[in-house]
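A short write-up of the structure that comes next.
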Amino acid sequence: MPEVLFRFVKQAASLAQKRCAASPTAVVSDPAGHGFADWKHLTLHFLRVHMGATYREIVDWASEMDRVRAVLQLARTAFPAPSTLWRSFERVPTRIWRQLLDRSAAACDPGDHGAVDATFFDRQAASSHYVDRSDRHIRTLKTTALVDTDSCAVLDVHCSAHWPHDTQVGRQVALRNTDKIESLVGDKGYDDQSLREALRSNGVRPVIRHRLFAHYDHAHNARLDSELYGQRWMAESAFSAIKRRYGSAVGPSAWYRQFRELVLTATVYNLEQAIKQ
């Protein structure tokens, strides 16, 4: 078993155990209490994304890896069935995945400066039969991420199938993370004076390029901290790394599972960044 893979499993298991210990009432496995420990389910989901495996493949592979079985404290024949693992992903609400994302970002030792940017992920991985039956016409998900410019860790993710304007999503993402950053970098798509004022009132310095409507907009852009604004590429770099590593399409059919899968993917990306440090 490669050492990097084992380090990832240990990191993922530690993250899952800490989260479940902090909130033991969150049921991930069987609600009746007869299933596997919640943190073991979460660890297998992390490993599934890390290895790019299906539910069946990850159960088969993990059950044959001695050190993975040792970390999960499971015998070879004691692993959950693929359908059990699928149902546990169904039970975990998005807020739990967000909390895990937050903890994974902290493991990367982030700095005080963030960059916000958006990209699109393909929704057409589902079968054409499902798409026709569900009358689903939106082909891409708009995904906005707040990325730490020091560690390139993803601090927060927002997903939408309705393509809201950058200023709307940027405001939501930025204002719920003002305790984590001292400055926010964004391109002119996030040009919104009310967002700048809200950031300043929360002690965050906005470094957002102005759209050019008048001559004084050129002056505003000229006064931007060019070095700090130049770090905006870190958000683009994070998106590029995620798409190259995990693909540019989401696998689940249901929209809410797609949102959770993207947050889970960002968490796995952070864990991989953490073990490289």
How far apart, in nm, are two points set 7 Å out from the Cα along the Cα-to-Cβ line at Ser160 and at Ser14?
-> 3.7
Expected field for Asp179, accessible surface area in Å² at 1.4 Å probe radius, rounded to 10, holds 130
Keeping all protein chains in position, work out how much accessible area Ser83 exposes to a 1.4 Å probe, and write it in Å² to the nearest 10.
-> 60
In terms of modelled amide H atoms, which long-range or inter-chain residues lie less than 5 Å from the amide H of Thr178?
-> none
³J(HN,Hα), Karplus 6.51/-1.76/1.60, whole Hz, each residue of the stretch 65-75, x for Gly, Pro = 9, 4, 6, 5, 4, 5, 5, 7, 6, 10, 6
Rounded to one decimal in nm, the spacing of the 7 Å Cα→Cβ label points at Asp122 and Leu5 is 2.7
Using modelled backbone amide H atoms (1.01 Å from N, in-plane), which distant-in-sequence or interchain residues come within less than 5 Å of Ile208's amide H?
-> Gly186
Simple label model, 7 Å out from Cα along Cβ direction - Gln193 to Leu175, nm = 1.7
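The values are calculated or read from the model by the stated rules, or taken from the named source; none is laboratory data. Just so you know, these numbers come straight off a predicted model, no measurement behind them. Every residue, glycine among them, receives a Cβ derived from its backbone with ideal geometry; neighbour counts consider all protein chains shown. These accessible areas exclude ligands, DNA and RNA; they are computed on the full protein's heavy atoms, side chains included. Shrake-Rupley method; radii C 1.70, N 1.55, O 1.52, S 1.80 Å.
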